[in-house]
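Structure first, then comments.
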Amino acid sequence: MITSTRKIILRANALYLGIASVAAFLLLDLRGIMFGAGPVAQVVAAAPYAAIGFVEAHGLAFIIAVLLWNAQPVRYAHLTGAAVMTLLGVSNLVFWPLFTTTGMTAAGVLLTSGHLGFALAQLLAASGPRARAAA
């Protein structure tokens, strides 16, 4: 795989992760925690300290998106992207009842598919000849 394609994979992954994390934070986390509205509200009402997990997860996802956006298209960057997206996708599958309980099954399918799809793309990019970092 050529270097420019690897860079596109890193940037597309970063864009997806960044948009998803900001949207989840603003539309789900903040809305549910601060205003008691939306799907997250029922989870936080039952377990108020669960809020920290939502905020940390989506905050860290945004930070990782920034790192992936700025990463050089080298093997370790793709393996990092693959590991992050695999963790997120598998976590969604393991905790799938959260999506069904909150009525967010469609969003869960879309997000989990995106996470696992990018994990595969990152693994493919990492499996080719080693790309050199820009000097």
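The values are calculated or read from the model by the stated rules, or taken from the named source; none is laboratory data. None of these values were measured; they are calculated from a predicted model. Cβ atoms come from the backbone with ideal geometry, glycine included; neighbour counts cover every protein chain shown.
Couple of notes before you dig in:
- Number of the exception - Phe95 against (1) out of contact with any Leu (no Cβ under 9 Å at 6 or more places or on another chain); (2) surrounded by 13 or more Cβ atoms within 10 Å (Cβ to Cβ); (3) closer than 30 Å to Val43 by Cα: (2)
- Tyr16 among the aromatic types (Phe, Trp, Tyr) and touching a residue at least 12 places away in the same chain (Cβ under 8 Å): yes
- Pairs, first of a type in the set (D, E, K, R) in segment 25-36, second crowded, with 18+ Cβ neighbours inside 10 Å and modelled with pLDDT of 95 or more, C-beta under 9 Å, six or more apart: Asp29/His58
- The set of residues from segment 83-123 being outside any helix (DSSP H, G or I) and either touching a residue at least 24 places away in the same chain (Cβ under 8 Å) or among the charged types (D, E, K, R) (or both) comprises Thr102, Gly103, Met104.
- When restricted to residues that are touching a Gly at 6+ places or on another chain (Cβ under 7 Å) and either among the aliphatic types (A, V, I, L, M) or buried (at least 19 other Cβ atoms within 10 Å of the Cβ) (or both), segment 1-19 contains 3.
- Some residue of segment 30-53 being aliphatic (A, V, I, L, M), assigned to a helix (DSSP H, G or I), under 13 Å from the mean Cα position of the chain (by Cα) and farther than 23 Å from Ile2 by Cα: no
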